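Novice: For reference, the structure I am asking about is given below.
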Amino acid sequence: MTLRQELADLIRQGIVRAQQVGALPKFDVPPVDVTPTKPQFGDYSTNVALQLARVARMAPQRIAEAIQHHLPTNDVLSECSVATPGFINMRLNPIWVARQVAVIEAKGRDWTRSNVGQGQRVQVEFVSANPTGPLHFGGARNAVLGDTLARVLERVGYTVQREYYVNDAGSQMRKFGETLYARYAQALGEDVPVPPDGYMGTYMVEWGKRIAQEHGRRFLQMEREQAIRELTDAGLRIVLDEVQQDLTNLRVRFDNWFSERSLYEDGTFDRVLSLLREKGLVYEREGALWFAATQLGGEKDEVIVRSTGEPGYFASDIAYHYNKFVLRRFDWVIDVWAVDHQGHVPRMKIMMKALGLDPDRLTILLYNLVTLKRHGEEVKLSKRAGDIITLREVLEEVGPDPIRFMLLTRSNEAKIDFDLGLAVEQTQENPVYYVQYAHTRIAGILRKAREEGWTTWADGNLDLLTHPSEQALLKKILDLPDLLVTIADRLEPHHLTYYAQDLATHFHAFYRDCRVLDPDRPDLTKARLRLVAAVKLVLAHLLEDLLGMTAPEIM
């Protein structure tokens, strides 16, 4: 149970006890929302009394006073007061706050776990870039968003599957195969032109040469269509191998790589088409098959199968989500998409209705663009290839930690600048360095403590941790489990980087105000060493388990 959940439970108990003695009338107790408040009022506050005024038919102030007077005895609060027009303000007991260090010590990194998700099966589908070239750096934001969300959702009790949707069907793969055939043939001295609408990136030239070196003229000795099919598959393997390697280097993992092609090969698409026909949601016009989205409130109907007989992209979307919800039975699906797909979101909701599914079970999380800069100047072209700037290039220059952290420093809806120069600076202006340095500083304190003969501090008296900077640091630590619940509810993982910087600031303030190693005060030294070790544990957990970064001991 998180701190806010514990406080909300105390308020609920106060309501029930007040009802039992007649201080409040009988009514169903609603969910209680507890939020941080201004320091002059306390640490947390609830407006539940204002919410109950109508059902209780009493003034909010009287309701709040009844709840306050009937709160159960507890160690958590040192003060509970009522403020006009009926807010209940709560101040944490400093001794209880200090003793939470022992709870963190006992639970370790499991301390932040909760069961808000109650084991619900959630799929997070992210990145899913077309497998027709290397990962562009812009896709890194998708990767970081999806992976961090999955980490948080798991932490608060959801059963999460991470999925990469491989778009290995359709016209784009045909263009890819034809381009690769041309580049392969050119590598062997043949004058085969690249299709006008083919892929012009220099990476296609490199891959054509690689295949020529590995297979010689084998593909030139077979019928062209067969050669294109086989080269498409060979190129797909190259792309996916590189994508998997880049994402692994970014510390992003997937549980499943789902093939779009499989939707047509295993009969899923045919089954969905039959289902839509039975519902009268499919009709033919101009030689194409259309999905009657307007019957369900959509703005326009959508092509499912083109006049050429080739399925449209929306056909795959319908079949894919039928597979997710009906065949694999996910309770909730989160698709992470670039903001330029926002016009497709309403269609997806209509699609859910067509499949007989609750549209709220599908969440489309949109993210905005990333601008790559170097010391404030925009970087538009790759040094290496002259065209796209790949994730691999940026990984090699700055490493995964700055990418993961800095791409979460704005909300997903905001555009973001990623400055290559700032990413490697070892100054407090670099938020990555600032946070990681806090962990390094703590590691240094603990090393120095051992060097000075402090071999153990497990028996330190936590009740001594009453200094304002100690209490502020502890209260900031106690925010983390509730923050994870909020992130899971709002799907806003950028709050983790804000929290990390705040936690580092609180630690640096504590270090400024409170001498940790004081031979003249051994009891206080031991207590503070327990606190410092707990902060180190929490900060390492935040960096490594939640943000997917490293927690360096030395910088």
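The values are calculated or read from the model by the stated rules, or taken from the named source; none is laboratory data. Just so you know, these numbers come straight off a predicted model, no measurement behind them. As a convention, Cβ positions derive from the backbone with ideal geometry for all residues, glycine included, and neighbour counts pool all protein chains shown.
Novice: Limited to segment 171-193, what total is found for residues that are surrounded by fewer than 20 Cβ atoms within 10 Å (Cβ to Cβ) and without any contact (Cβ under 8 Å) to a residue 40 or more places away in the chain?
Specialist: Residues in segment 171-193 being surrounded by fewer than 20 Cβ atoms within 10 Å (Cβ to Cβ) and without any contact (Cβ under 8 Å) to a residue 40 or more places away in the chain: 8 in total.
Novice: Now, a different point. LYS380: part of a helix (DSSP H, G or I) and of a type in the set (Lys, Arg), yes or no?
Specialist: no
Novice: Pairs only if they're at least six apart or on different chains, beta carbon under 8 angstrom, first in segment 458-470 and assigned to a helix (DSSP H, G or I), second surrounded by fewer than 12 Cβ atoms within 10 Å (Cβ to Cβ); list them, first residue then second.
Specialist: Listed by first residue and then by second, the contacts come to SER469/ARG512.
Novice: Report the residue count in segment 486-498 for those that are at negative phi and surrounded by fewer than 21 Cβ atoms within 10 Å (Cβ to Cβ).
Specialist: 7
Novice: Can you tell me which residue among ALA443, ALA488 is assigned to a helix (DSSP H, G or I), in contact with a Leu (Cβ under 6 Å, 6 or more places away or on another chain) and in contact (Cβ under 8 Å) with a residue 60 or more places away in the chain?
Specialist: ALA488
Novice: Could I ask something else about it? Suppose we keep only residues that are out of contact with any Phe, Trp or Tyr (no Cβ under 7 Å at 6 or more places or on another chain), part of a loop (DSSP other than H, G, I, E, B) and free of Cβ contacts under 8 Å to residues at least 60 places away in the same chain within segment 39-53. Which one would you say is surrounded by the most Cβ atoms within 10 Å (Cβ to Cβ)?
Specialist: If we take residues in segment 39-53 being out of contact with any Phe, Trp or Tyr (no Cβ under 7 Å at 6 or more places or on another chain), part of a loop (DSSP other than H, G, I, E, B) and free of Cβ contacts under 8 Å to residues at least 60 places away in the same chain, then GLY42 is surrounded by the most Cβ atoms within 10 Å (Cβ to Cβ).
Novice: Any idea which of ASP168, ASP147 is within 30 Å of ILE238 (Cα to Cα), in a loop (DSSP other than H, G, I, E, B), in contact (Cβ under 8 Å) with a residue 40 or more places away in the chain and acidic (Asp, Glu)?
Specialist: Unique residue meeting the criteria: ASP168.
Novice: Look at segment 389-426 and say how many of its residues are aliphatic (A, V, I, L, M) and loosely packed, with under 14 Cβ neighbours inside 10 Å.
Specialist: Initial filter on segment 389-426 (aliphatic (A, V, I, L, M)): 389, 391, 394-395, 398, 403, 406-408, 414, 416, 420, 422-424.
Restricting the remaining residues to those that are loosely packed, with under 14 Cβ neighbours inside 10 Å gives 414.
Number satisfying all stated conditions: 1.
Novice: Sticking with this structure for a sec: Run down PHE258, PHE254 and say which single residue is under 30 Å from ARG392 (Cβ atoms), in a loop (DSSP other than H, G, I, E, B) and not polar (S, T, N, Q). Before you say what the answer is, go through the steps one by one.
Specialist: Working: PHE258 fails: in a loop (DSSP other than H, G, I, E, B).
The conditions single out PHE254.
Novice: Would you point out the residue of segment 14-38, among those that are surrounded by 13 or more Cβ atoms within 10 Å (Cβ to Cβ) and within 21 Å of SER114 (Cα to Cα), that is farthest from the chain's Cα centre (by Cα)?
Specialist: Checked segment 14-38; the qualifying residue farthest from the chain's Cα centre (by Cα) is VAL32.
Novice: Please work out if LEU539 is out of contact with any His (no Cβ under 8 Å at 6 or more places or on another chain) and either farther than 18 Å from ARG450 by Cα or crowded, with 18+ Cβ neighbours inside 10 Å (or both).
Specialist: No.
Novice: To continue, here is another question. Quick one: which residue in TYR511, TYR433 is buried (at least 20 other Cβ atoms within 10 Å of the Cβ), hydroxyl-bearing (Ser, Thr, Tyr) and either farther than 30 Å from VAL34 by Cα or touching a strand residue (DSSP E or B) at 6+ places or on another chain (Cβ under 8 Å) (or both)?
Specialist: TYR433
Novice: I've got another one for you. Scan segment 64-79 and give yes if some residue there is hydrophobic (A, V, I, L, M, F, W, C) and modelled with pLDDT under 95, otherwise no.
Specialist: Among the residues of segment 64-79, not one is hydrophobic (A, V, I, L, M, F, W, C) and modelled with pLDDT under 95, which makes the answer no.
Novice: Please tell me if ASP417 is of a type in the set (D, E, K, R), closer than 30 Å to VAL345 by Cα and in the same structural domain as PRO134 (by TED's automatic domain parsing). It would help to see each step written out before you state the result.
Specialist: Working: of a type in the set (D, E, K, R): yes; closer than 30 Å to VAL345 by Cα: yes; in the same structural domain as PRO134 (by TED's automatic domain parsing): no.
So ASP417 fails the test.
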